[in-house]
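This report refers to the structure that appears directly beneath it.
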Amino acid sequence: KMPEETGVDLSRPKVIGIGAAGVLAALALGYFLNLFLQANGKGGIPEWISLLLAAVIFLIIFLLQTLFIKSATLLNGILILESLALAAPFVLRFSLYVLLAYASALFFFWLGAARGQHEMDNQVKVKFFRIERHTLPHVLTGLSLFMSLVYVNIIGLDQLGVTKKQIQAMLNPAEPLIQRLVAKDFTMDLSVYQFTDLIITEQLTAQLGIQ
């Protein structure tokens, strides 16, 4: 039985171990999700069990790292790596949908960890199940958005009966945020190659100090 209250003192090697386990769990989740979606959800019981088990393990480790990793810099770095690991199995089919899936996962992972740690800071003793209620709903939202976007990327819009313009209309509200965080000239109309060229140009401009 999980105790209602728990401490938060761990040595640095154990903290790093939790972070590494989270990255590996995210990679496994992405791998099994990719297999599941390629089979169009028609895989057998082993595929379902593998995907479900990977998701449960990831959620447990995510909650543990929220509880035990106090360094914001370390935790944010782990969240970035976990989001990258989750998206890694889909890199061969890379598109703006995969990029948006990665960004969605990262944002909601960060939000879940931040909410959980904020609640933890307001407690004299950490109450496990209370932290869980403030953390996991955001993580599940991020995973749901990630799965939806990579699913669209794999099967294509034609199979869904949705046009590209309809998808763009739904995603257009995110343009200002991406322009602010990634590239100021970003638009949803860019191809993957145009987006890559834009990122490289902006990075070179920033490095050379060109206005």
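Rule-based calculations on the coordinates, nothing more; no lab input. None of these values were measured; they are calculated from a predicted model. Virtual Cβ from ideal backbone geometry, glycine too; neighbours counted across all protein chains shown.
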Order these peptides, 70-80, 130-140, by their mean beta-carbon neighbour count within 10 angstrom, highest first. 130-140, 70-80
I'm a student and want to see the number: the projected area of the Cα convex hull of segment 33-113, averaged over all directions, in nm². 5.6 nm²
With the 8 Å Cα cutoff and a minimum separation of six or more residues, segment 22-118 has a relative contact order in percent of 38 percent
